[in-house]
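Structure, as structure tokens:
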Amino acid sequence: MSGPLLFWYLQVALTPVIAIVAVYIAYQQHQTSKLKVRLDLFDRRFNVFLKVRGILSSVIPEGRANKEEFLKFRTGVAEAYFLFGQEMEDYLDEVYMHGIKLATADQLYRMPREERPDDYDPKKVAGEMDEELGWLMNQLPDVKAKFKKYLDVSKL
């Protein structure tokens, strides 16, 4: 075989090899971008999980809720409505509503006597506070289970 003929064969063989390498690189880039999207989704969902645990943990030490904290929570988890299914939307709304109810009852309970409404019943208000606080406290151990299917890294 002469030199020019060998050179021509190498040129012909090199074109498909370059094409195969390019296709392989493109495939690897596609796989990497798919994993990046999943990781970004996980990060955003985990951030919501941390906010839920944070708001529940903030209520437990004093047994009180702050309306401003729950309003910030509501704003902080707004993206969750696009990251989770309907069940999580309902759960986040429920956490928010129980927190607001606790904060409202707490505010009424601590209100000076002269500012309280005429139909004020301290036992009723204390009962509402106890009920809402109990519900919120019972959520802390269950938060992991509620988020587990969305944060399972084995499914990435």
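Scanning the range 21-36 for any residue that is touching a helix residue (DSSP H, G or I) at 6+ places or on another chain (Cβ under 8 Å), in contact (Cβ under 8 Å) with a residue 12 or more places away in the chain and assigned to a helix (DSSP H, G or I) turns up nothing. Of the helices (runs of 4 or more DSSP H) lying entirely inside the range 63-156, those containing at least 2 residues that are surrounded by 18 or more Cβ atoms within 10 Å (Cβ to Cβ) and touching a Phe, Trp or Tyr at 6+ places or on another chain (Cβ under 7 Å) are 67-76, 86-110, 122-139, 143-151.
Kindly evaluate S57 against the criterion of being at pLDDT below 95, among the hydroxyl-bearing types (S, T, Y) and closer than 30 Å to A126 by Cβ. Criteria met by S57.
Of note, R45 does not satisfy the criterion of being basic (K, R), free of Cβ contacts under 8 Å to residues at least 60 places away in the same chain and touching a helix residue (DSSP H, G or I) at 6+ places or on another chain (Cβ under 6 Å). Got at least one residue in the range 2-18 being at pLDDT 90 or above and either over 26 Å from K149 (Cβ atoms) or part of a helix (DSSP H, G or I) (or both)? Within the range 2-18 (the criterion being at pLDDT 90 or above and either over 26 Å from K149 (Cβ atoms) or part of a helix (DSSP H, G or I) (or both)), the answer is yes, since at least one residue qualifies.
D40 meets the conditions (1) modelled with pLDDT under 95; (2) in a helix (DSSP H, G or I); (3) under 11 Å from the mean Cα position of the chain (by Cα) in every case but one. The failed one is (3).
The values are calculated or read from the model by the stated rules, or taken from the named source; none is laboratory data. From a predicted model like this one, the values you see are computed outputs, not experimental measurements. As a convention, Cβ positions derive from the backbone with ideal geometry for all residues, glycine included, and neighbour counts pool all protein chains shown.
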